[in-house]
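The values are calculated or read from the model by the stated rules, or taken from the named source; none is laboratory data. As the structure is a computational prediction, the values presented were derived from the model and not from experiment. Every residue, glycine as well, gets a Cβ built from its backbone with ideal geometry; the counts of neighbours run over all protein chains shown.
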Amino acid sequence: MSVIQRHNINIVGNGSKTMVLAHGFGCDQIMWRFLTPEFEKDYRIVLFDYVGAGKSDLSAYNREKYATLHGYADDVLEIIDQTCDSPVIFVGHSVSSMIGVLAAIRKPGAFENLILVGPSPCYINDGDYIGGFNRADIDGLLQTLADNHLGWSKAMAPIIMKNEDRPELTAELAESFCRTDPEIAKQFARVTFLSDNRADLATLTVPSLILQCSQDSIAPDEVGDYVHHHVAQSTFVKMKAVGHCPHLSAPAETVQSIKRYLSAL
Amino acid sequence: MTGDSPREQAELPLEESAEDLYENAPCGYLSTTIDGRIVKVNRTLLDWLGYEAKDLLGGTRFVDLLTVGGRIYFETHFNLLLRIEQSVDEIALDIICKDGRILPTLINARQKRDATGEPVLNRFTIFNASERRKYERDLVAARDLLQTTLSSIGDGVVATDSEGRITFMNAEAERLSGWQENDARGRPIEEVLILQREDNHEKIENPVTHALRVGKVVGLANHTRLVGKDGRVIIVDDSASPMRDSNGEVIGGVLVFRDVTERRNIQRSLAEAQARAQQMIEELRRSNDDLSQFAAVASHDLRSPLSNIIQFAQLLDRRYGDGAAEEKQLTGVLIASARRMGELIEALLRYARVTSDGSIPSAPVDANAQLASAIQNLQSSIEKSHAVVTHDLLPSVLIDATHLSQIFQNLIGNAIHYRGLEAPRIHIGVADRGEMWLFSCADNGSGIAPEYQLQIFEPFKRLHGTDRPGSGIGLAICKKIVERFRGRIWVESEEGKGSTFFFTTLKAR
């Protein structure tokens with residue numbers, strides 16, 4: 001199984017520079033669908049699914065490898081190595097922003113910039129540090145995942161939404177959209193929300209842009225500030241966009257923020 | 001309705017209105033901006049949650065009403081799906097009421113777009129699902145328990161739908177068949193579990209297919225082999241039954257099977273060992289028969305030349321009888337030796353004639369009668385030696401009558417023969433030893449030294465050399481007879497005080 005198949009890699013657009021778009025917990029590469037049209041004229045865009053998400057190869061899932069975010073960072077480096085000849089612009093949403101940070105610490109030469117959308121190095125409150133959550137909250141998330149995985153057998157993809165009024169999405173697409181194997185989802189949730197990568201931030205040398213949303217209940221303002229203050233060469237942009245997914249709720253503002261940052265370099 | 005005319009019905013005012021339906025619908029309605037701020041909420045939901053409209057319409061976001069775990073799920077799953085699909089159905093989320101109570105709900109959502117296709121509004125329909133959600137958790141718990149149970153049991157279990165397509169395989173079934181449940185699910189069971197006859201490897205119908213066809217339990221199929229996905233073959237015992245729903249409709253089938261390869265191998269070796277043992281018994285019997293026959297023929301054929309030797313020796317003796325003393329002595333020795341040889345041949349013949357196969361007589365034999373017969377035969381030596389023979393009241397036994405008499409005769413005969421200084425006193429006793437009778441023959445004779453107590457049961461072993469008459473075959477014959485009838489014979493003896501011979505026989509039932 002090649003890396004391309006393992007991660008369902010899709011490459012679109014033209015440009016001398018490559019932009020790698022990394023989805024977060026709960027979805028797959030489809031979450032970038034409002035962003036890609038805005039960048040594909042100027043960039044070569046690499047889209048992929050993490051193992052366990054979307055149309056990735058579920059058989060490549062390995063509980064030991066993916067017990068920490070480093071397993072995912074290894075995959076990112078492998079994807080870049082297989083698809084790109086020059087340093088990339090890595091756009092990571094949510095947990096992927098930290099995966100990108102870990103990958104860029106490991107191999108700075110592979111990255112030109114990191115765009116961190118709603119990053120959090122640690123979701124759990126710890127002393128003076130405000131992550132926004134405690135352990136019981138994460139147990140609540142796992143229960144909610146379980147409640148919504150009802151009837152999902154191990155192999156069947158959940159078909160959460162019907163597709164009646166979106167004829168442009170093929171049935172095949174709908175079937176795989178944001179599908180995650182329940183067991184994998186559970187472990188990814190734990191790894192995402194219980195990891196603590198605060199100590200890694202200081203060792204990042206690749207310049208980065210932090211996009212902080214308004215009223216983000218997953219990555220609150222304090223967390224964005226924390227990242228900005230602990231990462232050298234970081235640019236902080238507070239967006240008007242509300243929630244945790246500005247690339248979906250406010251694609252225009254998100255595109256504009258990224259373009260402004262990239263053109264100022 | 002009784003008596004109401006259509007006209008009267010039409011005049012009743014219609015109580016339903018869109019506004020009233022919205023406010024008091026049997027479900028909660030809530031609308032938010034794309035950012036998630038609540039902009040409209042119905043009475044039903046407010047009542048459920050204990051809020052007033054003004055509490056929620058001042059900028060509260062829908063996610064703020066959710067539990068923290070639900071909020072993460074909403075932001076990482078629900079919202080994304082809604083933005084991309086404009087439509088999300090049946091998501092289970094918990095809403096926190098104003099007083100802190102938790103309202104378990106099921107939520108549907110639609111995204112409203114304007115003329116340019118831009119999303120402008122999210123609409124949520126919220127169903128109170130406290131009971132339903134509880135059932136669901138109970139169901140999941142029950143399913144998990146079932147799963148755990150099925151994966152823990154040692155038998156392979158495969159379930160199919162009514163078409164015979166696999167819906168479930170437990171861990172043991174995966175192990176035995178080499179298939180993974182994920183790969184097997186949805187495939188016809190006939191395609192996954194290849195069953196063949198053990199003898200000619202012909203494919204046989206899967207018991208599940210059979211059970212579905214006849215609607216009945218299909219019992220153990222004997223001599224079935226299962227060809228695994230990787231070609232590995234095992235012998236299986238299996239049974240299948242149709243699964244029925246509460247209406248009795250067949251909704252699927254279930255196959256239970258286990259690996260009996262090991263058991264079958266053991267059975268096979270056992271059968272082989274039995275056959276081998278049987279064969280050896282046959283050979284042994286044949287060789288015994290040959291031996292008996294040989295002994296009989298040999299001793300018979302030896303008798304006539306021997307008889308010639310004796311006759312010619314006697315002739316010599318008569319012819320030269322009045323000759324030199326030395327010649328007379330030589331012919332005497334010759335005749336005595338030849339006669340001794342004749343006796344030995346007779347004894348050998350008697351021993352060989354104990355050919356009984358040990359088959360138990362159909363009717364019990366009265367030991368008293370056989371003892372009496374033995375005493376009768378020994379009458380003259382009893383009288384000569386002034387022997388006194390006493391006995392207990394003897395039981396009936398399962399041993400051939402003639403042979404039993406032969407044993408008594410040999411034992412009593414020996415007791416007289418090897419008597420001590422006093423007149424022989426011989427007692428035949430009997431004791432109960434469970435399945436067996438224990439007979440004893442006690443005497444006051446010369447006794448037997450410990451080192452000879454085993455030897456005396458071997459043919460031609462004599463303790464007293466040739467100084468007393470006797471062939472040395474009597475006890476060997478007794479031993480042969482007793483053992484053929486599943487008994488044992490032995491002696492307990494003290495030199496100078498006497499001997500007691502014991503033997504056991506099967507009791508008559």
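Looking at segment B:204-229, I want the residues that are modelled with pLDDT under 85 and have a partner that is part of a loop (DSSP other than H, G, I, E, B) and surrounded by fewer than 12 Cβ atoms within 10 Å (Cβ to Cβ) with Cβ atoms under 9 Å, at least 6 apart or on another chain. Which pairs are those?
The qualifying pairs are B:His223/B:Asp199.
Return yes when B:Val297 is surrounded by fewer than 17 Cβ atoms within 10 Å (Cβ to Cβ) and in contact with a strand residue (DSSP E or B) (Cβ under 6 Å, 6 or more places away or on another chain) and no when it is not.
No.
Given the structure, is A:Phe193 modelled with pLDDT of 85 or more, at the interface with chain B (Cβ under 8 Å from one of its Cβ atoms) and surrounded by 21 or more Cβ atoms within 10 Å (Cβ to Cβ)?
yes
Please state which one of A:Gly15, A:Gly24 is farther than 13 Å from A:Ile89 by Cβ, not basic (Lys, Arg) and not in a helix (DSSP H, G or I).
Being farther than 13 Å from A:Ile89 by Cβ, not basic (Lys, Arg) and not in a helix (DSSP H, G or I) holds for just one of A:Gly15, A:Gly24, which is A:Gly24.
Say we look at segment A:235-265 and pick out the residues that are of a type in the set (Ser, Thr, Tyr) and free of Cβ contacts under 8 Å to residues at least 60 places away in the same chain; which of these is farthest from the other protein chains (Cβ to nearest Cβ)?
A:Ser263
Within segment A:102-128, can you find the residues that are closer than 22 Å to A:Asp85 by Cβ and not in a helix (DSSP H, G or I)? Give the derivation first.
First, pick out the residues of segment A:102-128 that are closer than 22 Å to A:Asp85 by Cβ: A:103-115.
Residues satisfying the conditions are A:Lys107, A:Phe111, A:Glu112, A:Asn113, A:Leu114, A:Ile115.
Checking B:Ile281 against (1) surrounded by fewer than 12 Cβ atoms within 10 Å (Cβ to Cβ); (2) under 23 Å from B:Ala338 (Cα atoms): exactly one of these is not met. Which one?
(2)
Taking the residues in segment B:66-80 that are aliphatic (A, V, I, L, M) and buried (at least 24 other Cβ atoms within 10 Å of the Cβ) as candidates, determine which candidate is farthest from the other protein chains (Cβ to nearest Cβ).
This residue is B:Leu66.
Which number in (1) more than 17 Å from A:Ala232 (Cα to Cα); (2) surrounded by 16 or more Cβ atoms within 10 Å (Cβ to Cβ); (3) among the acidic types (Asp, Glu); (4) touching a residue at least 40 places away in the same chain (Cβ under 8 Å) marks the one condition that A:Glu112 misses?
Unmet condition: (1).
For segment A:91-101, name all the residues that are polar (S, T, N, Q) and assigned to a helix (DSSP H, G or I).
A:Ser96, A:Ser97
Select from segment A:34-67 the residues that are more than 17 Å from B:Ile84 (Cα to Cα) and free of Cβ contacts under 8 Å to residues at least 24 places away in the same chain and list them in ascending order.
Scanning segment A:34-67 gives A:Asn62, A:Glu64, A:Lys65.
Please go through segment B:383-412 and give me each residue that is of a type outside the set (Lys, Arg), over 24 Å from B:Ala508 (Cβ atoms) and surrounded by fewer than 19 Cβ atoms within 10 Å (Cβ to Cβ), ordered by number.
Residues satisfying the conditions are B:Glu383, B:Ser385, B:His386, B:Val388.
Among residues belonging to segment A:129-150 that are in a loop (DSSP other than H, G, I, E, B) and not polar (S, T, N, Q), point out the one that is farthest from the other protein chains (Cβ to nearest Cβ).
Across segment A:129-150, the extreme among qualifying residues is A:Ile130.
Report whether or not B:Asp161 is out of contact with any helix residue (DSSP H, G or I) (no Cβ under 9 Å at 6 or more places or on another chain), within 14 Å of chain A (Cβ to nearest Cβ) and touching a residue at least 12 places away in the same chain (Cβ under 8 Å).
On the way: out of contact with any helix residue (DSSP H, G or I) (no Cβ under 9 Å at 6 or more places or on another chain): yes; within 14 Å of chain A (Cβ to nearest Cβ): yes; touching a residue at least 12 places away in the same chain (Cβ under 8 Å): yes.
Criteria met by B:Asp161.
Within segment A:39-82, track down each residue that is touching a helix residue (DSSP H, G or I) at 6+ places or on another chain (Cβ under 7 Å), among the hydrophobic types (A, V, I, L, M, F, W, C) and assigned to a helix (DSSP H, G or I).
Matches in segment A:39-82: A:Ala60, A:Ala67, A:Leu69, A:Ala73, A:Val76, A:Leu77, A:Ile79, A:Ile80.
Answer yes if at least one residue in segment B:142-157 is more than 11 Å from chain A (Cβ to nearest Cβ), modelled with pLDDT of 90 or more, more than 60 Å from the chain's Cα centre (by Cα) and over 17 Å from A:Asn148 (Cα atoms), and no otherwise.
Within segment B:142-157, not a single residue is more than 11 Å from chain A (Cβ to nearest Cβ), modelled with pLDDT of 90 or more, more than 60 Å from the chain's Cα centre (by Cα) and over 17 Å from A:Asn148 (Cα atoms).
Check whether at least one residue in segment B:98-111 is within 8 Å of chain A (Cβ to nearest Cβ), farther than 30 Å from B:Ser177 by Cβ, of a type in the set (Gly, Ala, Ser) and crowded, with 19+ Cβ neighbours inside 10 Å, and report yes or no.
Step one: list which residues in segment B:98-111 are within 8 Å of chain A (Cβ to nearest Cβ), which gives none.
No, segment B:98-111 contains no residue that is within 8 Å of chain A (Cβ to nearest Cβ), farther than 30 Å from B:Ser177 by Cβ, of a type in the set (Gly, Ala, Ser) and crowded, with 19+ Cβ neighbours inside 10 Å.
Show me the strands (runs of 3 or more DSSP E) found entirely inside segment B:5-101 where at least 2 residues are at pLDDT 95 or above, more than 60 Å from the chain's Cα centre (by Cα) and closer than 15 Å to B:Phe127 by Cβ.
Working: elements: B:28-32, B:38-41, B:87-96.
Result: B:28-32.
Taking the criterion of being aliphatic (A, V, I, L, M), in contact with a helix residue (DSSP H, G or I) (Cβ under 8 Å, 6 or more places away or on another chain) and more than 25 Å from A:Ile30 (Cα to Cα), would at least one residue in segment A:124-131 satisfy it?
The answer is yes, given that some residue of segment A:124-131 is aliphatic (A, V, I, L, M), in contact with a helix residue (DSSP H, G or I) (Cβ under 8 Å, 6 or more places away or on another chain) and more than 25 Å from A:Ile30 (Cα to Cα).
Search segment B:34-54 for residues being within 14 Å of chain A (Cβ to nearest Cβ) and not hydrophobic (A, V, I, L, M, F, W, C), and hand back the single one that is surrounded by the fewest Cβ atoms within 10 Å (Cβ to Cβ).
B:Asp35
Give, as residue ranges, the helices (runs of 4 or more DSSP H) completely inside segment B:124-216 that count at least 1 residues that are surrounded by 19 or more Cβ atoms within 10 Å (Cβ to Cβ), on the phi > 0 side of the Ramachandran plot and of a type in the set (A, V, I, L, M, F, W, C).
Qualifying helices (runs of 4 or more DSSP H): none found.
Looking only at residues that are within 10 Å of chain B (Cβ to nearest Cβ) and not in a loop (DSSP other than H, G, I, E, B) in segment A:177-187, which one is surrounded by the fewest Cβ atoms within 10 Å (Cβ to Cβ)? Write out each step before concluding.
Here is the first cut: in segment A:177-187, the ones within 10 Å of chain B (Cβ to nearest Cβ) are A:177-178, A:180, A:185.
Now restrict to residues that are not in a loop (DSSP other than H, G, I, E, B): A:180, A:185.
Working: A:Thr180: 27, A:Ala185: 23.
Result: A:Ala185.
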